[in-house]
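As structure tokens, the structure follows; a few thoughts come after it.
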Amino acid sequence: MRHLARLARVGDRDKSTYLSAHVGAGYLLKLSEQSKLDVYGQYLWSHQDGDTVKLTTGETVKFKDVDSQRTRLGTKWDYALTPTTTAWFGAAWEHEYDGKAKASIYGYKLDAPKLKGDTGLLEIGLTLTPAEKGWSLDVGVQGYAGKREGVTGNVKAGYRF
């Protein structure tokens with residue numbers, strides 16, 4: 001859908017609202033002094049309002065609202081390498097229940113991409129907690145296979161009061 005929106009004229013950009021929320025629960029199991037296992041489940045919901053976009057070729061494309069509902073079940077293992085460095089490894093299974101994007105041009109429906117299905121997730125990373133209490137730095141990489149495929153990376157700095 002977004003590749004069609006790139007053909008839109010300057011000044012005729014899509015302005016659709018996007019909302020999302022998630023809720024989750026987990027259980028942290030201490031395996032040893034250096035090791036713990038986090039088992040969790042999440043429900044994720046998102047909604048993007050539809051829009052109408054005029055292409056540079058003159059056609060008008062109408063995008064319908066898109067709703068997505070997913071569940072994720074996973075586990076994450078942490079191992080303290082040193083008092084200030086923790087390595088972690090995670091695996092999860094995610095299921096998309098619908099997530100269909102619908103669009104039309106001249107009243108004719110376009111092929112709708114669907115995300116319905118299963119995706120596996122593997123992740124690995126490090127958490128660094130310097131001697132100054134409260135600060136942390138997470139560095140990680142995630143790989144996805146199944147309905148969604150790809151690799152992402154993240155760097156996150158945090159401070160807890």
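The values are calculated or read from the model by the stated rules, or taken from the named source; none is laboratory data. Owing to the predicted nature of the structure, the values given are computational and were not obtained by experimental measurement. A quick note on method: Cβ atoms are made from the backbone with ideal geometry, for glycine too, and the neighbour counts reach across all protein chains shown. Note: areas computed on protein heavy atoms with side chains; ligands, DNA, RNA excluded. Shrake-Rupley method; radii C 1.70, N 1.55, O 1.52, S 1.80 Å.
Observations on the structure shown:
- Contact order relative to length of the range 93-136, as percent, for alpha carbon pairs under 8 angstrom and 6 or more apart: 36
- Solvent-free Debye scattering, log10 I(q)/I(0), computed from the Cα coordinates of the range 17-161 at q = 0.11, 0.13, 0.14, 0.21 Å⁻¹: -0.60, -0.76, -0.83, -1.32
- When the solvent-accessible area of the chain is split by element, carbon and sulfur atoms take up 58 percent of it, the probe being 1.4 Å.
- For the residue pairs LYS54/LYS100; LYS54/LYS102; LYS30/LYS147; LYS102/LYS156, the C-alpha atoms sit more than 28 angstrom apart in LYS30/LYS147; LYS102/LYS156.
- Normalised contact order of the chain, rounded percent, pairs of Cα under 8 Å and 6 or more residues apart: 15
- Average accessible surface for the chain: 69 Å² per residue, computed with a 1.4 Å probe over protein heavy atoms with every protein chain in place.
- Mean separation of Cα pairs under 8 Å and 6 or more residues apart, divided by the residue count, gives the range 9-71 a relative contact order of 33 percent.
- Between the exposed loop cleavage positions of the chain, defined as GluC sites (Glu not before Pro) in a non-H, G, I, E, B DSSP state with at most 15 neighbouring beta-carbon atoms within 10 angstrom, the longest gap is 60-131.
- Candidate lysines for bridging to LYS36, where Cα separation is under 17 Å - those fewer than 8 sequence places away on the same chain excluded: LYS76
- Here the translational diffusion coefficient of the range 84-147 follows from Stokes-Einstein with Rh set to the Kirkwood radius across Cα pairs; for 10 °C and 1.306 mPa s it amounts to 105 µm²/s.
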